[in-house]
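The values are calculated or read from the model by the stated rules, or taken from the named source; none is laboratory data. Source: prediction; values computed, not measured. Because the Cβ atoms are built from the backbone with ideal geometry, glycine has one as well, and the counts that use them run over all protein chains shown. Accessible surface is based on the protein model in full, side chains and every heavy atom, while ligands, DNA and RNA are left aside. Shrake-Rupley method; radii C 1.70, N 1.55, O 1.52, S 1.80 Å.
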Amino acid sequence: MKILVTGGTGYIGSHVAVELINQGHTIEIVDNLSNSQIEVLDKIEQITSTRPVFHEVDLLDQLALDHIFDNTSFDLVIHFAGLKAVAESIEQPLRYYDNNVTSTINLLESMQSHSVKNIIFSSSATVYGDQGVDQCVETMPTGIKLTNPYGKTKYMIEEILKDLAISNPEFSIISLRYFNPIGNHTSGLLGENPNGIPNNLMPYIMKVATGELPELNIFGNDYDTEDGTCLRDYIHVVDLAKGHLAAIDGLKPGFTAYNLGTGRPTSVLEMVHAFEKVSGKPLPHKFAPRRPGDLPKLYANPKKAEQELKWHANLTIEDAIKDTLTFISNK
Ligand code: NAD
Ligand code: UDP
C-alpha cells in the first residue's frame, strides 16, 4: 500500500513507519518538526535500509497539503500529527484546538478532494473521560467529564470522523485509542526524548536515571489501590505499532474504534521497582501530593482488538524498560 504518515518523525509515528516499511508498504511522511527532529529519518533508514519521502509541511497549510496529495495517489493515511501535552493544552487551548482539530479537518478535506477514503487516527484513552470505572471498553460513551483541551480535541476529532463516515459511506475510518505507550525500538535508535521537564512517567524516570533530574515525584500514595499509587496500562510502543498493521487489515466502511492496551494495570510504584530491578540501580523517588485531574485507575479492555483485529500486546514493561535503557545509553 501507499501510505501517508502524518507526524511520522514523532515518537509513535516513527515506530509505526519502521513496521510499515518492514511489511513492504511504501510510505511518505509529513511533519512540521515542531516536536521531532529530521535525524529520525536517518534512524528509520538505518533500521529498515529505506528512507521514506519526507515533506516538511504544517497540516494547517492546506495548499501545501493538497500538493502532497496531487503528486502521489495514497491508499491510506495514518494520522499521528498533533500536540499532546495535557498541561500545555490548558494554558494554550486555542493553539491546541487549531493545531489538532483544524489540521485534521484540512487533512480530511485534502483526502476527500483526492478520493483517499481510508484513515487510521491516533486517539487516546482520554476520550473516555471520568466515568468512575477502571477498565474502559469501546461500548462506553465518550466525552464524559473531559478535563483538558488536549482530551477534548481527541473527542472532537472522533466526532468529526463519525460524521464524515455517515456523510460518505465510502470512508473506512479506524480510531485507535492508545493507553500509555512506553519503551522504544529494540535497537535503541528511536525513542521519546522530550526537551525540558517531562510530564509523563516514563520520560521523567528516564531523566532521573540519567541524572538530569534528581528524583521522581510519585503523585499520590493514598489512592484506593493496593500500594496507594495510580494504576495505568503501559503498552510497549512496538506492540502499539503492530496494532496499526492489524488495523490496516481490519479497515472496513464506517467508523470503528479500538482500544490498544494490554489490559494489565501497573502502579507507579510497581513501575519504579521494575525499573530498579531491570537497571540494577536504585531510582531516587519520593511521594508527592496528588496531581490534579489524575484518575486513580485507568486500563484497557483490549478484547475488541483481539477478536476483530487478531492483535494483542506481547511485550512486558520489563521489555520496555530494557529497550529504554538501550535508548538512554545510545544518546
Ligand atoms: P510526538 O509529539 O512525538 O509526535 C507528533 C508529531 O506530529 C511530531 O513529530 C510533531 O512535529 C508533528 N506535528 C504536530 N503538529 C503538526 C502539524 N500541525 N503539522 C505537521 N506535523 C505536526 O507524539 P507521539 O507520542 O508520537 O503521539 C502521536 C499521536 O498519538 C498524537 O496524536 C498523540 O496525541 C497520540 N497519542 C499519544 C500518546 C502518548 O502517550 N505518546 C497517548 C495517546 C495518544
Ligand atoms: N506520575 C508520577 N510522577 C511523574 C509523572 C507521572 O507519579 O512525574 C504518575 C501520574 O500521576 C499517573 C501515572 O504516573 O498516575 C501516569 O502518568 P502519565 O502522565 O505518564 O500518564 P496519564 O496520567 O496521562 O495516563
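This table checks each residue for (1) of a type in the set (S, T, N, Q); (2) in contact (Cβ under 8 Å) with a residue 60 or more places away in the chain; (3) surrounded by fewer than 18 Cβ atoms within 10 Å (Cβ to Cβ).
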position: Phe255; (1), (2), (3): no, yes, no
position: Gly261; (1), (2), (3): no, yes, no
position: Val272; (1), (2), (3): no, yes, no
position: Glu276; (1), (2), (3): no, no, yes
position: Ser279; (1), (2), (3): yes, yes, yes
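Return yes when Glu28 is open to solvent by 60 Å² or more (accessible area, probe 1.4 Å) and under 30 Å from Glu88 (Cα atoms) and no when it is not. I'd like the intermediate steps shown before the answer.
Numbers: open to solvent by 60 Å² or more (accessible area, probe 1.4 Å): no; under 30 Å from Glu88 (Cα atoms): yes.
It is false that Glu28 is open to solvent by 60 Å² or more (accessible area, probe 1.4 Å) and under 30 Å from Glu88 (Cα atoms).
Taking region 107-135 as the region of interest, how many residues are polar (S, T, N, Q), near ligand 1 (Cβ under 9 Å from one of its atoms) and assigned to a helix (DSSP H, G or I)?
If we filter region 107-135 for residues that are polar (S, T, N, Q), which is where we start, we get 110, 112-113, 115, 118, 122-124, 126, 131, 135.
Those left that are additionally near ligand 1 (Cβ under 9 Å from one of its atoms): 122-124, 126.
Now narrow it down to the ones that are assigned to a helix (DSSP H, G or I): 126.
So the count comes out to 1.
Taking the criterion of being charged (D, E, K, R), at pLDDT 95 or above and within 12 Å of ligand 1 (Cβ to nearest atom), would at least one residue in region 173-184 satisfy it? If you could, list the steps in order and put the result at the bottom.
From region 173-184, those charged (D, E, K, R) are 177; that's our starting set.
Now narrow it down to the ones that are at pLDDT 95 or above: 177.
Going one step further and asking which of them are within 12 Å of ligand 1 (Cβ to nearest atom), we end up with 177.
Scanning region 173-184, I find at least one residue that is charged (D, E, K, R), at pLDDT 95 or above and within 12 Å of ligand 1 (Cβ to nearest atom), so the answer is yes.
Table: residues versus (1) surrounded by fewer than 18 Cβ atoms within 10 Å (Cβ to Cβ); (2) closer than 26 Å to Val16 by Cβ; (3) at pLDDT below 95.
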residue	(1), (2), (3)
Pro214	yes, no, no
Asp227	yes, no, no
Tyr234	no, yes, no
Ile248	no, yes, no
Lys252	yes, yes, no
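Could you tell me whether any residue of region 15-28 is assigned to a loop (DSSP other than H, G, I, E, B) and within 6 Å of ligand 1 (Cβ to nearest atom)? Steps first, answer last, please.
Step one: of region 15-28, the residues assigned to a loop (DSSP other than H, G, I, E, B) are 23-25.
Next, only the ones that are within 6 Å of ligand 1 (Cβ to nearest atom) stay: none.
Checked against the condition, which is being assigned to a loop (DSSP other than H, G, I, E, B) and within 6 Å of ligand 1 (Cβ to nearest atom), region 15-28 yields no hits at all.
Could you list, ordered by first residue, the pairs with Cβ atoms under 6 Å in which the first is in region 63-87 and without any contact (Cβ under 8 Å) to a residue 60 or more places away in the chain and farther than 10 Å from Thr6 by Cβ and the second is aliphatic (A, V, I, L, M) and away from ligand 2 (no atom under 16 Å from the Cβ), at least 6 apart or interchain?
Ala64/Val57
Can you spot a residue in region 125-143 that is within 17 Å of Lys162 (Cβ to Cβ), open to solvent by less than 10 Å² (accessible area, probe 1.4 Å) and modelled with pLDDT of 95 or more?
Checked region 125-143: at least one residue is within 17 Å of Lys162 (Cβ to Cβ), open to solvent by less than 10 Å² (accessible area, probe 1.4 Å) and modelled with pLDDT of 95 or more.
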